[in-house]
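The values are calculated or read from the model by the stated rules, or taken from the named source; none is laboratory data. Just so it is clear, the model here is predicted, and its values are computed rather than measured. Virtual Cβ from ideal backbone geometry, glycine too; neighbours counted across all protein chains shown.
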Amino acid sequence: MSQNPLRLLLDVDNRFQRDRDQTPAFLHRRDRRFALDCEQQGISPTPAHWLDHMQRLSGPGSADQAGRTALRQWRRINSGFAAAGALFGVLTMAGLLFYDGGQRINITVLLAFVLLQLLLALATTAQSIMGWQPWRWLSKRLSIPPPGSALAPLQPALMARAGHTGGVAFAFTSLLTLLILLVIQDLAFGWSTTLDTAAQGYHRLLQTIAAPWAFVWPAAAPSQELIEATRFFRAAPTSAGTTPERWGQWWPFVVMLWVTWVLVPRMILLALSHWLTGRKARQLLHSHPGMQALLYRMETPTLDTGNQHNDAADLPDVRTQAKISELCNTRHLICWAGAGEPELPRQLTTHNSQILKAGGRASLIEDDHVLATLATDLAKETSPAVILVTRSWEPPTGELCDFLDQAMELWPAGSRVMILPLANDANQSPKNHLVQPWLRFTERLPEGFATVALLPLSPGAPYQSAGASTS
């Protein structure tokens, strides 16, 4: 897998888009398995390694094409900028060095044009750093990926890189054109300006400009004598006493001026744009929402909930040792957490039924009162038993478990609790998958203390209000 940050960002983003069709459980198991394999092999689970792993799982021909297509498009854009820059470089330098033998080539014009090129190069880099997009109109014409794509935040940097690519081609072909014209033509250089500028001030300016190469190539730094001898005026195109050979001594300065202040800055800024693009791509990859989810899946162990098989089509094993028992005859009923409201089946009530309410909205003091009341009444019976009415669709809670633990301490030895889960329609038996949690709940209680029972009901059985006989 290529380590190109742009390619990596595009391939990872495309893989995340494809993973949206998979279930979270599948993705968790797959990526956690990959992380464990990397740990065994002693390698870091980087995005590049993860993509290689995904390609091996998908098989041959599964390489992502979206990233390659986008990069090919940007390579075509860079090539177009380079070709346009090369063409304009030849034409521009030929125009700047046009010499018909009558008027000398003005060094001041060359200095102004070099300054313009330097400012354009700096502005191109500044817009990419600030995220400004003066190329937006061109992006639309070139059908660059829309704002929703992974490369949308990188468009300023990518367009700056394309601009610098064209700038380097422009500077290079301009330099070649300059060298060719120096060989095939006898160019005459001089300097002039409308402003009242002395030769001494112009010399100081050129010394500052030539400072980077003056100690390497002294001949490329014009002397005071050359500047004084090659100044021309509108009224006096030729200077008395100036030999024509002096007009051509400017060419080393012109060559070094172009190389130092046009070509080299463009090359440096092009390299900087490559670095900024890669750095931004790595930041986008690190902060990608899909990458955060991938790291979480790789670092978090997977949990199996009751499934003892490896086949994903098998359901969890929900078998229990507890069995449903028959409902005993007792007058003591507890309606837990609002169960049986607003009415209880008549089969549960008699004329002397003791119906108590606990749990849910009842306070702890009311629960303690229920336990104490039943402890007194059950102590008078030979086979103490209590029916605890619950809602089948509500699973057992820790509050109920604490209530029964306290009941075992207060009630007489041998007391039994019959847990009766009612369906939403009390005339119907609750479904089996709703009863199973209650059976497993009784298995966690002391043996023989609590069992699950179902009420044998007949269709159309009448009801009696639970509140009418509440004690």
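I need a count of the residues in region 406-452 that are out of contact with any Phe, Trp or Tyr (no Cβ under 9 Å at 6 or more places or on another chain), in a helix (DSSP H, G or I) and closer than 19 Å to A379 by Cβ.
Adding up the residues that qualify gives 3.
Sort through P45, P5 and tell me the only one that's under 30 Å from W275 (Cβ atoms) and at pLDDT 85 or above.
The conditions single out P45.
Hey, among L158, L179, which residue is under 30 Å from E225 (Cα atoms), among the hydrophobic types (A, V, I, L, M, F, W, C) and part of a helix (DSSP H, G or I)?
Going through L158, L179 in turn, just one is under 30 Å from E225 (Cα atoms), among the hydrophobic types (A, V, I, L, M, F, W, C) and part of a helix (DSSP H, G or I): L179.
Out of all the residues in region 108-118, is one or more under 30 Å from N4 (Cα atoms), modelled with pLDDT of 85 or more and assigned by TED's automatic domain parsing to the domain that holds W258?
Filtering region 108-118 for residues under 30 Å from N4 (Cα atoms) gives 118.
Of the ones still in play, those that are also modelled with pLDDT of 85 or more are 118.
Retained after the next criterion (residues that are assigned by TED's automatic domain parsing to the domain that holds W258): 118.
Scanning region 108-118, I find at least one residue that is under 30 Å from N4 (Cα atoms), modelled with pLDDT of 85 or more and assigned by TED's automatic domain parsing to the domain that holds W258, so the answer is yes.
When both residues are 6+ apart or on different chains and their Cβ atoms are under 6 Å apart, which pairs have a first residue that lies in region 200-217 and is among the small types (G, A, S), and a second that is surrounded by 12 or more Cβ atoms within 10 Å (Cβ to Cβ)?
A210/A221; A214/A221
I'm checking my understanding of the structure. Among residues of region 111-135 that are aromatic (F, W, Y) and over 15 Å from P265 (Cβ atoms), which one is nearest to the chain's Cα centre (by Cα)? Talk me through it step by step, then tell me what you get.
Narrowing region 111-135 to residues aromatic (F, W, Y): 113, 132, 135.
Checking which are over 15 Å from P265 (Cβ atoms) leaves us with 132, 135.
Numbers: W132: 22, W135: 26 Å.
The residue in question is W132.
Considering L356, L295, which residue is assigned to a helix (DSSP H, G or I) and modelled with pLDDT of 85 or more?
Sole residue among the options that is assigned to a helix (DSSP H, G or I) and modelled with pLDDT of 85 or more: L295.
Which of the helices (runs of 4 or more DSSP H) contained wholly in region 1-59 include at least 3 residues that are surrounded by fewer than 17 Cβ atoms within 10 Å (Cβ to Cβ) and more than 20 Å from the chain's Cα centre (by Cα)?
24-41, 47-58
Would you tally the residues in region 322-353 being at pLDDT below 75 and β-branched (V, I, T)?
The number of residues fulfilling the criteria is 2.
Restricting attention to region 110-136, which residues are in a loop (DSSP other than H, G, I, E, B) and surrounded by 14 or more Cβ atoms within 10 Å (Cβ to Cβ)?
Selection gives Q133, W135.
Pairs please, first residue from region 410-422 and in the same structural domain as T330 (by TED's automatic domain parsing) and without any contact (Cβ under 8 Å) to a residue 60 or more places away in the chain, second anywhere and of a type in the set (S, T, N, Q) and surrounded by fewer than 23 Cβ atoms within 10 Å (Cβ to Cβ), Cβ atoms under 6 Å, 6+ apart in sequence or on different chains.
P421/S392
Filter region 415-453 down to the residues that are over 53 Å from the mean Cα position of the chain (by Cα) and under 18 Å from R391 (Cβ atoms), then identify the one that is modelled with the lowest pLDDT.
N427
Return only the number of the condition from (1) at pLDDT 90 or above; (2) surrounded by fewer than 18 Cβ atoms within 10 Å (Cβ to Cβ); (3) not polar (S, T, N, Q) that F170 does not satisfy.
Every listed condition holds for F170 apart from (2).
Which is more than 30 Å from L8 (Cβ to Cβ), in contact with a helix residue (DSSP H, G or I) (Cβ under 8 Å, 6 or more places away or on another chain) and of a type outside the set (D, E, K, R), of F88, F81?
Step by step, each of F88, F81 is checked, and only F88 is more than 30 Å from L8 (Cβ to Cβ), in contact with a helix residue (DSSP H, G or I) (Cβ under 8 Å, 6 or more places away or on another chain) and of a type outside the set (D, E, K, R).
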